[in-house]
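The values are calculated or read from the model by the stated rules, or taken from the named source; none is laboratory data. These figures come from a predicted structure and were not determined experimentally. Reconstructed Cβ throughout: ideal geometry from the backbone, glycine too, with neighbour counts over all protein chains shown. These area figures cover heavy atoms from the full protein model, side chains too; ligands, DNA and RNA do not enter into them. Shrake-Rupley method; radii C 1.70, N 1.55, O 1.52, S 1.80 Å.
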Amino acid sequence: MVHPAADLQTSLAPREGGDGGLACGAAAAWIVRLERPLQEHDSGPLAGLTFAVKDNIDVAGIPTTAGCAAFAYEPDRHATVVRKLVNAGARVLGKTNLDQFACGLNGTRSPYGAVPNAFKPSYVSGGSSSGSAYVVATGQADFSLGTDTAGSGRVPAGLNNIVGFKPSKGLISTAGVVPAARSVDCVSIFARTVGLAARVLHTAMGYDAGDAYSRHIDLATKSFGATFRFGVPTMLPFFGDELSRAAFDESIERLCALGGTPVAIDFEPLAQAAALLYDSALVAERYAAIRTFFDSHEADVIEPVRSIIASGKRYSAGDVYEAQARLQSLAQRAAGMWAGIDVLLVPTAPTHYTIAQMQADPVALNRNLGAYTNFVNLLDYAAIAVPSAIRPDGLPFGVTLIAPCGSDWQLAELGQRFHHATGLTQGATGVPLPEPVAIEGLRAGATVKVAVVGAHLSGMPLNTQLTERHSTLVGAAHTAPHYRLFALPNTTPPKPGLLRVEAGTGAAIEIEVWEMPLEHYGSFVALIPAPLCIGTLALADGSHVQGFVCEPQALQGAQDITSSGGWRAYIASLRPA
């Protein structure tokens, strides 16, 4: 597919400011903005939604620059992930700016301009997926695609008050994505809500034989539950930023209020793994990713990207194997922490920097922004960055929830609960958060089975007390033959009483078994009036469930209706023939 030149709103030429330096401002978020959004299908699960694409991901007919005009090429097909999204009805708005060759976490390393923070334009947006985060935070796109090798799908989310979902490696195909470090690259998703990010992931994911690193992943389908344990690093550098430190302390309290128990963990093996990404032979993979182009066009690569990629040339194959062995050793050390926790909580970024500060010290300050992100892909974890607070200085603070590969839906469910507990608005738009949604791919959390015998049966007057608590019908069943059923006098609506009796004096009574989310069980039990109560019922199949029983003293004057076999049959017998 080829788009007419008239559809390209912005120039592909690198931009300079009036003082000869890099341009910055809202316009720098886009490299190409289509005058007419690309739409290939008008129906599907994402119909009506718009999205932007980081410009290291192919969109057919639009040049892919990776932030370097000399590298640009025009693909004749979409990247696999883009194809899936447009097939689902989503519309492409254009291509967004990035730190060149996705090398950076700050958003200033681009000849197309420095992308500003959505809240304070003198501050960095975070990168490398800077433009993708900015256009979502400011409401220009419903969601966007980024990439994440060392944190590029999370740091910009944390600095702009949006959600950054970095899925398990290999869950979304990277076919049609310019590699940064192929073995650890991920396509990431930005959105203003966790619910939408999860919905996009559900559409985008899937094995792709055209991607050498794609894989089949057995995703967990049960949430962490009403109670869980979360790790908090004992070593927490904030580089002198006390506002971020205070905001993180508040995030710990919020997660506790959601049922979490904090557990101190040793962050040292994670920090050492993070350092390997650039300070060891592993950086050679950055060079290998664009080796052919770099060797003949090194002068077209801007600093400090040029120096970082060039540093990979000095390592031998033996050096790479040594670095891989070191990483594996650290992974073994880190694996032990998961025996004591369900999820790890870290700041998404420890601080904010101005664009001027970053450009004055681009390597050290960029490294600081990745203090809590660089290790995640190297150790094969999944992560979701969610907003946590707006600091007193007006800048956002976010946290990241991390868990082992395959935990994507679990992270989304907990991340959504956390995000909605903050009371924040969406990105920089000021729009309130919508109601939480069910996370696609995730079964309901902890549940309890409840047997009902009378007015709560399907079609009966009190059945709504079950359905409004999101209970689901398991099926009809019978009690063990140890019960008698009575019609209680003076009850509105009419109700039965179930009484366990001695063996040989009872009968099997028809019931229904419902499955109720555990979080709603307490409020349901609180509605049950005396003399009814909840007890344990024995079923005909030998199992036991919670269910309605009656206090014996309440049965004086009650009609024994055991012979009817159940409440539904008894009610039917009262109707005129």
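Annotations for the structure displayed:
- Within the range 450-577, the proportion of Cα pairs with more than 24 Å between them is 22 percent.
- Compared with the alpha-carbon gap, the fully stretched path from residue 551 to residue 41 is longer by 177.4 nm at 0.36 nm per residue.
- Lys, Arg +1 and Asp, Glu -1 on Cβ, resulting dipole of the range 86-185 about Cα centre, debye, nearest 20: 40
- Two-decimal log10 I(q)/I(0) for the range 186-314, as the Debye equation yields it once each C-alpha is a single scatterer, q = 0.18, 0.19 Å⁻¹: -1.23, -1.22
- Couplings 3J(HN,Hα) for the range 319-336, derived from phi with the Karplus relation 6.51 cos²θ - 1.76 cosθ + 1.60 (θ = phi - 60°), are 4, 5, 5, 5, 5, 5, 5, 5, 4, 5, 4, 5, 4, 5, 5, 5, 4, x Hz, where x marks Gly and Pro.
- By the compact-protein rule of thumb, 2.2 N^0.38 Å, the alpha-carbon radius of gyration of the chain corresponds to a ratio of 1.17.
- 13 Å reach of a label modelled at residue 538, 7 Å along Cα-to-Cβ, counting backbone N of the range 475-491: 479-484
- log₁₀ of I(q)/I(0) at q = 0.12, 0.21, 0.22 Å⁻¹ - the range 289-372, Debye sum with one point per alpha carbon: -0.64, -1.08, -1.09
- Inter-label distance for residue 213 and residue 360, nm, one decimal - labels placed 7 Å from Cα along Cα-to-Cβ: 3.6
- Electrostatic dipole magnitude of the chain [Cβ: Lys, Arg +1; Asp, Glu -1; Cα centre; debye, to 20]: 560
- Solvent-accessible heavy-atom area per residue, rounded to whole Å², over the chain at 1.4 Å: 38
- Using θ = phi - 60° in the Karplus curve 6.51 cos²θ - 1.76 cosθ + 1.60, the 3J(HN,Hα) couplings for the range 134-147 round to 4, 6, 6, 4, 8, x, 6, 9, 6, 8, 8, 9, x, 10 Hz; x is entered for Gly and Pro.
- Normalising the Debye intensity of the range 305-464 to I(0), with uniform scatterers on Cα atoms only, and taking log10 at q = 0.14, 0.18, 0.19 Å⁻¹ returns -0.99, -1.25, -1.29.
- Peptides 431-441, 220-230, ordered by how many other C-beta atoms sit within 10 Å of their residues on average, highest first, read 220-230, 431-441.
- Relative to the Cα centre, the charge distribution of the range 155-254, modelled as +1 at Lys and Arg Cβ and -1 at Asp and Glu Cβ, gives a dipole magnitude of about 280 debye.
- Per-residue Karplus couplings for the range 526-543, computed as 6.51 cos²θ - 1.76 cosθ + 1.60 with θ equal to phi - 60°, are listed in order as 5, 7, 7, x, 5, x, 6, 7, 9, x, 9, 9, 8, 9, 4, 7, x, 7 Hz, Gly and Pro entered as x.
- C-alpha center-to-center spacing [the range 279-321, the range 165-191] in angstrom: 20
- Gyration tensor analysis over the Cα atoms of the range 511-555 returns equivalent ellipsoid semi-axes of 18, 17, 7 Å (largest first, whole Å).
- With all pairs of different C-alpha atoms in the average, the Kirkwood value for the hydrodynamic radius of the range 170-235 is 14.4 Å.
- Summed over qualifying helices (DSSP H, 4 residues or more, each -39500 (n - 2.57)) and divided by its residue number, the chain shows a 222 nm mean residue ellipticity of -7500 deg cm²/dmol.
- Residues whose amide H lies under 5 Å from that of residue 398, counting only those 5 or more places away or on a different chain, are 348, 349, 388; hydrogens are built 1.01 Å from N in the peptide plane.
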